[in-house]
1. Please state which one of 102, 95, 126 is in contact (Cβ under 8 Å) with a residue 24 or more places away in the chain, of a type in the set (S, T, N, Q) and either under 21 Å from residue 167 (Cβ atoms) or out of contact with any Gly (no Cβ under 9 Å at 6 or more places or on another chain) (or both).
2. Quick test for you: out of 88, 45, 51, pick the one residue that is surrounded by fewer than 21 Cβ atoms within 10 Å (Cβ to Cβ), among the basic types (Lys, Arg), touching a helix residue (DSSP H, G or I) at 6+ places or on another chain (Cβ under 9 Å) and touching a residue at least 60 places away in the same chain (Cβ under 8 Å).
3. Just checking, how many residues over the range 9-29 are modelled with pLDDT under 95 and either in contact with a Pro (Cβ under 6 Å, 6 or more places away or on another chain) or β-branched (Val, Ile, Thr) (or both)?
4. Kindly indicate the residue of the range 157-176 that is surrounded by 15 or more Cβ atoms within 10 Å (Cβ to Cβ) and more than 29 Å from residue 194 (Cα to Cα) and also modelled with the highest pLDDT among those meeting that condition.
5. Take the residues of the range 100-142 that are out of contact with any Leu (no Cβ under 6 Å at 6 or more places or on another chain) and among the aromatic types (Phe, Trp, Tyr): which is surrounded by the fewest Cβ atoms within 10 Å (Cβ to Cβ)?
6. Residue check: is residue 102 among the polar types (S, T, N, Q) and within 15 Å of the chain's Cα centre (by Cα)?
Amino acid sequence: MTFALLLASCSKATDNAALAFKSTDISGADWGRDFSLVDHHQQVRTLADFRGKAVLLFFGYTHCPDACPIAMANMARVLDKLGPDSQRVQGLFVTVDPKRDTAQVLEKYLSAFHPSFLGLYADQATTSALAKEFKTFYAAEPAVKDGHDHVHDDYIVDHSSGIYAFDTRGRLRLYISNDKSVEDITHDVAVLLRE
């Protein structure tokens, strides 16, 4: 093998390593293919609405004390790090608590993270079916009653906490676990945008 050929081979291996995903590659999954939900502007949304953009989708709820605000803050930091390329990324928050997460609540919550983020919601049956489609888990803890038999709305919803990433053609590509750094997520989104 000549030196030039060896150099070209090493360069190609380096390029491939730079393009390798840091998150779990689920390209070709036969699930999580689409959704039809209402956003916090009262518009019905499907994946086709975001064609040409990489999509980061997270299932959560606005009363969540930890995983949800961390995930949304990380997504916002990813957009900041991407600079002008952030215009080609859409952050989506699908509520698993439609009883409390109205359009107004979602808008207020998400505006604290990034102005481009959209909150999506549906009725409980649609939400449950979509969670199954995306192989994600959620379950509300039983509502708490006080001594006067009043039911309180400060219940917790246990849920999965990963982010799903779609490429610019609307194909599900990555599952980003909650232990991934902002740098890792930024790298992966940049790879999707370059494809």
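1. Every option except 126 fails the conditions.
2. Going through 88, 45, 51 in turn, just one is surrounded by fewer than 21 Cβ atoms within 10 Å (Cβ to Cβ), among the basic types (Lys, Arg), touching a helix residue (DSSP H, G or I) at 6+ places or on another chain (Cβ under 9 Å) and touching a residue at least 60 places away in the same chain (Cβ under 8 Å): 88.
3. Residues in the range 9-29 being modelled with pLDDT under 95 and either in contact with a Pro (Cβ under 6 Å, 6 or more places away or on another chain) or β-branched (Val, Ile, Thr) (or both): 1 in total.
4. 157
5. 137
6. no
Listed here are the residues, each with its yes/no results for (1) exposed (fewer than 14 other Cβ atoms within 10 Å of the Cβ); (2) at pLDDT 95 or above; (3) within 20 Å of residue 172 (Cα to Cα); (4) not aliphatic (A, V, I, L, M).
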{"position": "31", "(1), (2), (3), (4)": "yes, yes, yes, yes"}
{"position": "55", "(1), (2), (3), (4)": "no, yes, yes, no"}
{"position": "60", "(1), (2), (3), (4)": "no, no, yes, yes"}
{"position": "67", "(1), (2), (3), (4)": "no, no, no, no"}
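The values are calculated or read from the model by the stated rules, or taken from the named source; none is laboratory data. Nothing here was measured: the structure is a model prediction, and the numbers come from that model. Cβ: placed from backbone, ideal geometry, glycine included. Neighbour counts: every protein chain shown.
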